[in-house]
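The values are calculated or read from the model by the stated rules, or taken from the named source; none is laboratory data. None of the values given here were measured: they were computed from a predicted structure. Don't worry about glycine lacking a Cβ; one is built from the backbone with ideal geometry, like all the others, and counts go over all protein chains shown.
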């Protein structure tokens with residue numbers, strides 16, 4: 001993170017609709033977006049964010065990455081997580097309950 005100028009951390013998840021979830025997790029921004037979103041909804045949200053770089057963590061990352069790069073000219077990178085998707089969701093659910 002040190003190589004980025006003025007980075008901000010954010011978390012996009014359906015969990016962000018729960019009051020205080022962003023603050024408890026220590027993120028500067030929170031976006032209510034299900035990580036189980038449909039293809040068109042996910043692509044619309046990515047494009048609407050106007051992000052220059054998109055980091056993908058799970059699911060069909062290769063397919064989505066290729067689509068976003070070829071069709072929309074975005075810089076797309078994989079972001080490996082330390083835990084499986086289910087573990088992250090379980091940990092987050094425990095932290096907000």
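Could you check the stretch 22-47 and list, in sequence order, the residues that are closer than 24 Å to residue 68 by Cβ and part of a helix (DSSP H, G or I)?
Passing the criteria: 39, 40, 41, 42, 43, 44, 45, 46, 47.
So, of the residues in the stretch 1-16 that are part of a strand (DSSP E or B) and closer than 16 Å to residue 53 by Cβ, which turns out to be farthest from the chain's Cα centre (by Cα)?
10
So is residue 19 assigned to a helix (DSSP H, G or I) and either surrounded by 15 or more Cβ atoms within 10 Å (Cβ to Cβ) or free of Cβ contacts under 8 Å to residues at least 12 places away in the same chain (or both) or not?
no
How do the pairs read when you match residues in the stretch 39-52 that are within 17 Å of residue 73 (Cβ to Cβ) with residues anywhere that are part of a helix (DSSP H, G or I), using Cβ under 7 Å and keeping only pairs 6 or more apart or on different chains?
That search, which allows pairs on different chains as well, returns 46/68; 47/72.
Looking at 75, 35, can you tell me which residue is modelled with pLDDT of 80 or more and touching a strand residue (DSSP E or B) at 6+ places or on another chain (Cβ under 8 Å)?
75
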